[in-house]
Amino acid sequence: NQTVIVDNQVVEINGEQSLLELIRKIGIEIPTFCYNSELSIYGACRMCVVELEGRGIVASCSTPPAPGMKILTNSPRVQRARKTVLELLLANHDRECTTCEKSGHCKLQDLAERFGVRKIRFGERDVKLPLDDSGTSLVRDPNKCILCGDCVRMCSEVQGIGVLNFANRGSKVQVTPAFHKNLTDVDCVNCGQCAAICPTGAIVVKSEIGKAWAALNDSGKLVVAQVAPAVRVALGEEFGLPAGEIVTGKVVAALKRLGFAKVFDTSIAADLTVMEETTEFLERVEQGERLPQFTSCCPAWVKYAEHNAPDFLPNLSSCRSPQQMFGSLVKKYWARELGKKPEDIYVVSIMPCTAKKFEITRPEFTTDGVPDVDLVLTTQELARMIRESGLAFDKVEVESFDMPFGFTTGAGVIFGATGGVAEASLRAAYEIATGTVLEQVNFEEVRGFKGLKEFAVDLNGTEVKIAVVHGLANAKELLRRIQNGEAKYHLIEVMACPGGCIGGAGQPIATDQEVKKARARSIYRADKLSQLRKAQDNPVVAKFYEKWLERPNSHEAHESLHTSYAT
Ligand code: HC1
Ligand code: SF4
């Protein structure tokens with residue numbers, strides 16, 4: 001029969017591809033660096049070694065189970081081998097742990113502690129390689145790289161970009177963009193997925209906490225926050241709450257306690273985006289032009305399209321992202337109502353995303369020298385600020401978002417999960433196109449983690465075909481099929497990060513897919529619990545049109561809420 005013996009325990013083989021999978025199944029946590037369930041097997045770090053009778057020490061991630069195998073996971077030989085791997089890595093690794101951005105979240109630090117590495121038998125490397133902090137979103141420190149190749153495979157396999165690779169030979173091997181360029185000089189889209197998977201501090205998200213504290217301590221500025229949909233289902237994880245716990249009210253309260261004068265909801269701007277984008281879409285369908293229409297709220301996708309799919313740029317929705325629409329509303333209209341100058345208001349976005357840090361620096365989102373959004377902090381950076389302040393997050397009493405940007409419908413919340421933008425648009429498109437009330441608002445077909453989701457709906461006699469992709473490699477494949485005439489759609493949602501914004505690289509680290517799934521479930525639960533589920537029913541958004549914007553796609557709306565793309 002199909003069994004193996006692991007440390008004297010009989011274990012059945014049940015379709016597992018590797019010894020690692022089989023051993024983890026029985027609750028033994030084999031340490032790894034380069035093994036990730038969503039990437040290909042690389043088998044280079046040697047951290048996952050086990051002892052196989054008759055064969056000695058083998059890498060468990062790349063050894064398939066075979067009936068009759070006898071495996072030891074913690075024998076003296078295994079213990080020695082693991083320690084040696086760690087010591088060799090540490091000998092080649094910058095050891096300034098206390099000042100590292102990744103301190104406390106570093107796998108190397110973790111495993112060195114777990115396996116009791118107290119001294120390193122090998123000499124320390126003395127060459128210092130230059131840092132790359134040229135970009136808005138990431139900092140790359142090759143001195144902390146352990147050559148596991150996770151970022152390389154993430155960038156090419158999941159994101160279809162491939163700007164990171166191995167260079168040089170022997171002891172000089174490095175992971176770097178081509179010709180040792182900076183990330184800003186290659187086609188990096190700032191998605192940050194390389195940083196999210198990096199086990200050490202070799203690629204990290206650029207921290208801007210210092211700027212946030214400085215603004216909060218500047219009495220001349222009214223500092224306001226906007227909170228992205230996906231943050232509310234993830235921040236709790238940083239404080240020991242279960243994955244996906246909805247902590248919206250606590251996020252608001254914590255931001256208030258940190259000193260933000262007002263705390264607003266990006267989801268209301270997502271409702272506004274639905275109005276603008278759906279109106280634009282229905283017009284294109286009627287005219288039969290610039291179809292398929294692509295969503296444009298993901299800045300990594302927009303940058304990808306600019307680099308790699310210029311022919312499709314006219315097909316992108318001209319809508320700015322909700323983050324940027326929000327900035328525009330605050331600085332252009334709300335400031336005027338308050339009798340303030342745009343530069344006296346400092347807008348901080350709390351985002352799950354690293355590319356949002358880049359988005360705010362795009363010149364089209366600066367008006368008369370004043371940025372529409374001043375600063376982006378990731379979910380993780382906010383967690384760090386809360387910890388710095390000493391606030392006990394689990395104990396803060398919940399508060400509600402402030403008005404006038406504090407009321408959202410479920411449509412604006414589901415933006416945070418893959419498929420959400422398409423679903424929110426469908427809820428509006430159906431009612432606008434048919435003039436009838438949509439009773440069943442759930443479009444299950446576009447939910448979930450399948451790489452490509454498709455759905456067709458009858459809008460007043462026209463069959464409208466929708467596709468949803470997440471992970472840029474899936475977008476790349478879809479574009480190829482459209483170009484070859486193999487696929488035809490009317491509306492396509494693209495999110496760069498697997499899972500959508502809930503899987504953003506600024507979120508608490510989650511290499512386990514189940515964590516992302518729990519966040520997505522909570523996004524849909526928050527939608528279900530909302531008083532209103534359709535963007536077109538948001539009374540506050542209706543007020544914005546009445547007061548400031550006239551109607552969707554009006555000249556004024558175009559000026560403030562739309563944009564164009566760089567070829
Ligand atoms: Fe997103 Fe969006 S949903 S892009 O994923 O359209 O970041 O959460 O804020 O802007 O609303 C991110 C999330 C976010 C925008 C909205
Ligand atoms: Fe590749 Fe994204 Fe990392 Fe840039 S940010 S190197 S595109 S994975």
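The values are calculated or read from the model by the stated rules, or taken from the named source; none is laboratory data. Predicted model only: the values in this text are computed from it and were never measured. Cβ: placed from backbone, ideal geometry, glycine included. Neighbour counts: every protein chain shown.
Kindly indicate whether any position in the range 479-487 is assigned by TED's automatic domain parsing to the domain that holds Thr409, basic (Lys, Arg), out of contact with any strand residue (DSSP E or B) (no Cβ under 7 Å at 6 or more places or on another chain) and farther than 25 Å from Glu431 by Cα.
Step one: of the range 479-487, the residues assigned by TED's automatic domain parsing to the domain that holds Thr409 are 479-487.
Subset that is basic (Lys, Arg): 480-481.
From what is left, the residues that are out of contact with any strand residue (DSSP E or B) (no Cβ under 7 Å at 6 or more places or on another chain) are 480-481.
Still in the list and also farther than 25 Å from Glu431 by Cα: 480-481.
Looking for residues that are assigned by TED's automatic domain parsing to the domain that holds Thr409, basic (Lys, Arg), out of contact with any strand residue (DSSP E or B) (no Cβ under 7 Å at 6 or more places or on another chain) and farther than 25 Å from Glu431 by Cα, one finds at least one in the range 479-487, hence yes.
Residues are listed down the side, and each one gets a yes or a no for (1) touching a residue at least 60 places away in the same chain (Cβ under 8 Å); (2) over 17 Å from Thr266 (Cβ atoms):
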| residue | (1), (2) |
| --- | --- |
| Glu397 | yes, yes |
| Asp402 | yes, no |
| Gly410 | yes, no |
| Tyr430 | no, yes |
| Leu438 | yes, yes |
| Val457 | no, yes |
| Leu472 | yes, yes |
| Leu479 | yes, yes |
| Gly485 | no, yes |
What pairs come out if I take residues in the range 160-176 that are surrounded by fewer than 20 Cβ atoms within 10 Å (Cβ to Cβ) and pair them with residues that are hydroxyl-bearing (Ser, Thr, Tyr) and modelled with pLDDT of 95 or more whose C-beta lies under 8 Å away, six or more apart or interchain? Gly162/Ser156; Asn165/Thr176; Ala167/Thr176
When restricted to Pro322, Pro229, Pro292, the only residue touching a strand residue (DSSP E or B) at 6+ places or on another chain (Cβ under 9 Å), within 26 Å of Leu459 (Cα to Cα) and crowded, with 24+ Cβ neighbours inside 10 Å is Pro322
Checking the conditions here, which among Cys100, Cys106, Cys151 is touching a helix residue (DSSP H, G or I) at 6+ places or on another chain (Cβ under 9 Å), free of Cβ contacts under 8 Å to residues at least 60 places away in the same chain and closer than 30 Å to Gly499 by Cβ? Cys151
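Need a quick list: strands (runs of 3 or more DSSP E) entirely within the range 446-511 having at least 1 residues that are within 16 Å of ligand 2 (Cβ to nearest atom) and crowded, with 18+ Cβ neighbours inside 10 Å. Reasoning before the result, please.
On the way: elements: 452-459, 462-470, 491-495.
In the range 446-511, 462-470, 491-495 are the strands (runs of 3 or more DSSP E) which contain 1 or more residues that are within 16 Å of ligand 2 (Cβ to nearest atom) and crowded, with 18+ Cβ neighbours inside 10 Å.
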The condition from (1) crowded, with 21+ Cβ neighbours inside 10 Å; (2) without any contact (Cβ under 8 Å) to a residue 60 or more places away in the chain that Gly369 misses is numbered (1)
Please go through the range 543-565 and pick out each residue that is in contact with a Pro (Cβ under 9 Å, 6 or more places away or on another chain) and either exposed (fewer than 15 other Cβ atoms within 10 Å of the Cβ) or among the acidic types (Asp, Glu) (or both). Lys543
Cβ contacts < 9 Å: first residue within 28 Å of Asp512 (Cβ to Cβ), restricted to the range 240-263; second residue part of a loop (DSSP other than H, G, I, E, B) and modelled with pLDDT under 95, any location; separation 6+ or different chain. Result? Ala243/Ala510; Ala243/Asp512
The range 513-542: number of residues that are of a type in the set (Val, Ile, Thr), farther than 17 Å from Pro352 by Cβ and surrounded by fewer than 23 Cβ atoms within 10 Å (Cβ to Cβ): 1
Got at least one residue in the range 418-433 being at pLDDT 95 or above and in a loop (DSSP other than H, G, I, E, B)? yes
Does Val274 satisfy the criteria of being touching a residue at least 24 places away in the same chain (Cβ under 8 Å), closer than 15 Å to Ile350 by Cα and either buried (at least 19 other Cβ atoms within 10 Å of the Cβ) or outside the structural domain of Arg320 (by TED's automatic domain parsing) (or both)? no
Limited to the range 157-174, what total is found for residues that are more than 16 Å from ligand 1 (Cβ to nearest atom) and either under 23 Å from Asn308 (Cα atoms) or assigned to a loop (DSSP other than H, G, I, E, B) (or both)? 12
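When you scan the range 387-394, do you find a residue that is in the same structural domain as Ala542 (by TED's automatic domain parsing) and surrounded by 19 or more Cβ atoms within 10 Å (Cβ to Cβ), even just one?
Let us first name the residues in the range 387-394 that are in the same structural domain as Ala542 (by TED's automatic domain parsing), namely 387-394.
Cutting the leftovers down to surrounded by 19 or more Cβ atoms within 10 Å (Cβ to Cβ) gives us 393.
Yes, that holds for at least one residue.
Taking the options Glu359, Glu306, name whichever one is acidic (Asp, Glu) and buried (at least 22 other Cβ atoms within 10 Å of the Cβ). Even if it seems obvious, please write down each step before you answer.
Numbers: Glu306 fails: buried (at least 22 other Cβ atoms within 10 Å of the Cβ).
Step by step, each of Glu359, Glu306 is checked, and only Glu359 is acidic (Asp, Glu) and buried (at least 22 other Cβ atoms within 10 Å of the Cβ).
Test Lys331 against the stated conditions and say whether it is more than 15 Å from ligand 1 (Cβ to nearest atom), under 19 Å from Phe405 (Cα atoms) and surrounded by 19 or more Cβ atoms within 10 Å (Cβ to Cβ).
Values: more than 15 Å from ligand 1 (Cβ to nearest atom): yes; under 19 Å from Phe405 (Cα atoms): yes; surrounded by 19 or more Cβ atoms within 10 Å (Cβ to Cβ): yes.
Yes.
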Select from the range 287-298 the residues that are of a type in the set (S, T, N, Q) and either within 16 Å of ligand 2 (Cβ to nearest atom) or assigned to a helix (DSSP H, G or I) (or both) and list them in ascending order. Gln287
